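Just below is one structure, and these are the notes that go with it.
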Amino acid sequence: RRMPAVAGEAMIATSHPLATRAGLRVLDRGGNAVDAALAAAAVLTVAEPTDNGLGGDAFALVWRDGSLHGLNGSGRSPAELDGGPVADVGPRSVTVPGAVRLWADLAERFGRFGLEEALSHAADLAEAGVACTARIADKWARAERAPSPAPAVGARYHLPDLARTLRRVAAGGAEAFY
């Protein structure tokens with residue numbers, strides 16, 4: 001039988017220990033659940049780049065002051081495309097990613113620390129590098145359009161372009177991304 005997890009003050013669970021740690025650190029510094037979720041989500045773009053990214057969508061349900069708030073960060077698509085049909089790959093094959101806008105909205109409406117605080121640790125990790133897990137090494141190796149060769153399990157990979165983008169968004173908000 002699986003026993004429940006119990007914590008006295010706060011708890012956060014993610015698919016990667018670095019993301020979990022980022023969320024807990026934010027809580028330890030006085031942030032709220034939204035701040036912790038944003039910090040963890042940003043770290044996941046670094047620690048699990050095959051599964052998470054700034055180019056995705058996001059959704060959030062926030063319970064605050066007795067009210068439920070739903071935020072839709074799904075990508076928007078144009079009513080029509082000039083210059084031809086939708087493509088199978090590339091920028092004409094996807095919607096405009098909504099995750100960054102949703103992160104900014106969450107930070108502004110419900111966070112204590114703001115978007116800059118949420119993204120700064122993830123940017124530092126992307127620059128310093130992260131040890132590759134077995135799952136990410138395997139997924140990266142099997143990706144049809146990987147931006148670089150897959151790192152070996154335990155090898156440190158660096159994402160300097162992601163670090164710059166995260167810092168740009170941290171400083172300029174969602175508009176810096178779009």
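The values are calculated or read from the model by the stated rules, or taken from the named source; none is laboratory data. All values derive from a computational prediction rather than experimental measurement. Neighbour counts are summed over all protein chains in view; Cβ atoms, including those assigned to glycine, are modelled from backbone coordinates with ideal geometry. Accessible surface is based on the protein model in full, side chains and every heavy atom, while ligands, DNA and RNA are left aside. Shrake-Rupley method; radii C 1.70, N 1.55, O 1.52, S 1.80 Å.
Things worth noting here:
- For region 63-73, the Karplus equation 6.51 cos²θ - 1.76 cosθ + 1.60, evaluated at θ = phi - 60°, returns couplings of 9, 9, 6, x, 10, 9, 10, x, 10, 10, x Hz by residue, with Gly and Pro reported as x.
- Relative contact order %, the chain, counting alpha carbon pairs below 8 Å whose residues are six or more apart: 20 percent
- Distances between placed amide hydrogens fall under 5 Å for residue 69 paired with 62, 63, 64, all partners being 5 or more residues away or on another chain.
- Estimated distance in nm for a label pair at residue 96 and residue 63, the labels positioned 7 Å out from Cα along Cα-to-Cβ: 3.4 nm
- Spatial separation of Cα centroids for region 117-170 and region 1-44, in angstrom: 20 Å
- 5 angstrom amide H check on residue 52, placed H, neighbours 5+ away: none
- Ligands, DNA and RNA are left out, and with a 1.4 angstrom probe the accessible area of the chain is 60 Å² per residue.
- Annotation: amide H of residue 98 within the under-5 Å range of 57, 58, 75, sequence separation 5 or more or interchain, hydrogens built in the peptide plane.
- Sequence-distant contacts, meaning Cα pairs under 8 Å at least 6 residues apart, place the relative contact order of region 74-178 at 27 percent.
- For region 95-178, applying the loop criterion from DSSP together with a ceiling of 13 other beta carbons within 10 Å to the GluC sites (Glu not before Pro) yields 144.
- Apportionment of accessible area to carbon and sulfur, region 20-152, percent (1.4 Å): 52 percent
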